[in-house]
């Protein structure tokens, strides 16, 4: 049997896969709840809408928390990246250990004047997302002026 949904999922970007995954999860939860509780079709729709509302609200709260705690600082040869909505993470990148900087701008990034900066540091890669293009140019100048 050929799975059309699987082929479509392989071609979609990661963010679209996440949204479709939320919808598929909500649909599965609603179907399981309606079957378990013996509800009819109208009740199934109400459960589906309720599950989708909970998923959307929780996603919104997560995004707000993520951006509230997403910061980066450049000082004295160190780039400090702090991020995390529920679990906090901190990356310390020593400027003299950066071997390559990659700046990525997608169509959506350019639309909002943002980019993603990738720091390649001795066997690992650290990603700095949602950076204004002007700030990425400043970061590039700082890295170009290093010893």
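The values are calculated or read from the model by the stated rules, or taken from the named source; none is laboratory data. Please read these numbers as outputs of a predicted model, since none were measured by experiment. A quick note on method: Cβ atoms are made from the backbone with ideal geometry, for glycine too, and the neighbour counts reach across all protein chains shown.
For residue 125, are the conditions met, namely being assigned to a strand (DSSP E or B), at pLDDT 80 or above and within 17 Å of the chain's Cα centre (by Cα)? I'd like the intermediate steps shown before the answer.
Numbers: assigned to a strand (DSSP E or B): yes; at pLDDT 80 or above: yes; within 17 Å of the chain's Cα centre (by Cα): yes.
Yes.
Can you tell me which residues in the stretch 119-128 are surrounded by fewer than 16 Cβ atoms within 10 Å (Cβ to Cβ), in contact with a strand residue (DSSP E or B) (Cβ under 6 Å, 6 or more places away or on another chain) and without any contact (Cβ under 8 Å) to a residue 40 or more places away in the chain? Show your work before the answer.
Going residue by residue through the stretch 119-128, those that are surrounded by fewer than 16 Cβ atoms within 10 Å (Cβ to Cβ) are 120, 122-127.
Among the residues that remain, those that are also in contact with a strand residue (DSSP E or B) (Cβ under 6 Å, 6 or more places away or on another chain) are: 120, 125-127.
Residues satisfying the conditions are 120, 125, 127.
Here's the yes/no breakdown for (1) within 16 Å of residue 145 (Cα to Cα); (2) in the same structural domain as residue 135 (by TED's automatic domain parsing); (3) surrounded by 13 or more Cβ atoms within 10 Å (Cβ to Cβ); (4) at pLDDT 85 or above:
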residue	(1), (2), (3), (4)
63	no, no, no, no
73	no, yes, no, no
88	no, yes, no, no
103	no, yes, yes, yes
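How many residues does the stretch 72-91 hold that are without any contact (Cβ under 8 Å) to a residue 60 or more places away in the chain and part of a loop (DSSP other than H, G, I, E, B)?
6
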